[in-house]
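The next block holds one structure in the form of structure tokens; read it before the comments.
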Amino acid sequence: MSKPANNSPKVGIIMGSSSDLSVMQQAADMLNEFAIDSELSVVSAHRTPEAMMEYAASARGRGLVVIIAGAGGAAHLPGMVASVTTLPVIGVPIKSSNSIDGWDSVLSILQMPAGIPVATVALDGAKNAGILAAEIIGAFDGEVADKLSTYKDSLKNKVQRMNEKL
Ligand code: RP5
């Protein structure tokens, strides 16, 4: 599966299976909120290793600046992709049907050996992966940084409303 890209996607969102989509879509939705173009594809480390290598090797040349990679079980996708690109890779551990409570995925993505980092978010934490990708882009893009500020203000306001209701 590969969803047609927007005009010039800045963030590549990949997942090991379409069964990961309900989680990974949350990253795309978050990026949409910040008006950052992304593309969604299924790329599997163990089922389509050549396609994975091609995706990672061509990512920078195609204009991507961050890759978000999600997978469940013994999740090799984020680390393998990180090993063949200089782009920052954000890993999303997924509590999939083949998972031992998500721990297998968390540890496979989090515990990358020194030299090949993967910025790992919480189990099923694709929303945070989207925000983190926006923050990486926002470090160099004032408009995105402003949108992130507005988003963080909205979180503050939410807590204020909670207190008003107490
Ligand atoms: C992983 O195995 C995928 O990322 C998914 O989380 C899990 C199950 O895949 P399916 O059997 O649903 O295709 O490779």
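The values are calculated or read from the model by the stated rules, or taken from the named source; none is laboratory data. Source: prediction; values computed, not measured. Neighbour counts are summed over all protein chains in view; Cβ atoms, including those assigned to glycine, are modelled from backbone coordinates with ideal geometry.
Take G115 and decide whether it is at positive phi, more than 16 Å from the ligand (Cβ to nearest atom) and either surrounded by 16 or more Cβ atoms within 10 Å (Cβ to Cβ) or more than 16 Å from the chain's Cα centre (by Cα) (or both).
Working: at positive phi: yes; more than 16 Å from the ligand (Cβ to nearest atom): yes; either surrounded by 16 or more Cβ atoms within 10 Å (Cβ to Cβ) or more than 16 Å from the chain's Cα centre (by Cα) (or both): yes.
Judged against the criteria, G115 is a match.
Based on what the data block shows, is S99 polar (S, T, N, Q) and within 16 Å of the ligand (Cβ to nearest atom)? The answer is yes for S99.
In segment 60-73, the qualifying residues are those that are over 19 Å from I131 (Cα atoms) and in contact with a helix residue (DSSP H, G or I) (Cβ under 8 Å, 6 or more places away or on another chain), and the one that is nearest to the ligand (Cβ to nearest atom) is G72.
Of the residues in segment 64-81, at least one is more than 25 Å from E33 (Cβ to Cβ), at pLDDT 95 or above and out of contact with any Ser or Thr (no Cβ under 8 Å at 6 or more places or on another chain).
Looking only at residues in segment 33-45 that are closer than 18 Å to L21 by Cβ and part of a loop (DSSP other than H, G, I, E, B), the one that is nearest to the ligand (Cβ to nearest atom) is S44.
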